[in-house]
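K.L.:
Quick one: the structure is below, questions incoming.
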């Protein structure tokens, strides 16, 4: 009943076909900016966390620099991208209100909600870092950094395939490839870290 009321209210609002294309273009731009910010933000968290292990004479300078970079990235790029993506998505839904009754969009919105939770969790994590509280290790942050990649793949596939979401061998191959790439990045980062530690011990 509530959904029907919402659809009735939305149905009163109409936009021209040109406006729909503008909403779609700006939505895509917002998504690209948003994800770029999320990917780089957690990468900065990793560097920030690892900087706590530096010598005292350089640690403070690095911590201050990463704090400044994180604030600027989050407030100038990541959050504006999120606001643009979400606001344009709302206008797209107003333009095509019938989509709200379709299962693919409902599932997609669920994953978008998870992405929003991830976004605000990153803000909480950033706040803790800026208070000098480091509860996450570099390894845990690297794993956290892979989460938006998985969400991005699922959201894009739902947007493209809609109700015809593929379940063929090709789909599982692509999914496995994404997981393999993420695991490879983790392995390479671990290899570099162990190599660096061995080099320091040798000196």
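We did not get these values from a lab; they are worked out from the coordinates using the rules stated. Keep in mind it's a predicted model, so treat the numbers as computed, not measured. In this analysis, Cβ positions are derived from the backbone assuming ideal geometry, glycine residues included, and neighbour counts consider all displayed protein chains.
K.L.:
So how much slack lies between residue 117 and residue 69, counting 0.36 nm per residue of separation and subtracting their Cα-Cα distance, in nm?
P.N.:
15.1 nm
K.L.:
Take residue 100 and residue 16, extend 7 Å from each Cα along the Cα→Cβ direction, and tell me the distance between the two endpoints in nm.
P.N.:
2.5 nm
K.L.:
Rounded if a/c is under 1.5, else prolate if a/b beats b/c, else oblate: with a ≥ b ≥ c from the C-alpha gyration tensor eigenvalues square-rooted, which is the range 103-196?
P.N.:
Values: a/c = 5.14, a/b = 1.41, b/c = 3.64.
Oblate shape, in that a/c is at least 1.5 and b/c is the bigger or equal ratio.
K.L.:
Could I ask something else about it? Please find the FRET efficiency linking residue 171 to residue 127, where r is the Cβ-Cβ separation and R0 is fixed at 45 Å, and quote it to the nearest 0.05. It would help to have the intermediate numbers written out before the result.
P.N.:
On the way: r = 39 Å, r/R0 = 0.86.
My answer for the efficiency is 0.70.
K.L.:
Taking N as the number of residues in the range 14-165, what value does Rg over Cα atoms divided by 2.2 N^0.38 Å take?
P.N.:
Rounded to two decimals, the normalised Rg is 1.23.
K.L.:
Given a cut-off of under 8 Å on Cα pairs at least six residues apart, what relative contact order in percent is computed for the range 15-138? Don't skip to the end; give the middle numbers.
P.N.:
Numbers: 88 pairs, mean separation 47.4, N = 124.
It comes to 38 percent, rounded to a whole number.
K.L.:
So what is the relative contact order of the range 37-99, in percent, for Cα pairs below 8 Å that sit 6 or more residues apart? The partial results should precede the final answer.
P.N.:
Values: 25 pairs, mean separation 22.1, N = 63.
Reported relative contact order: 35 percent.
K.L.:
Would you mind calculating the gained length between residue 184 and residue 60 on full extension (0.36 nm times residue separation, minus the Cα-Cα distance), in nm to one decimal?
P.N.:
41.5 nm
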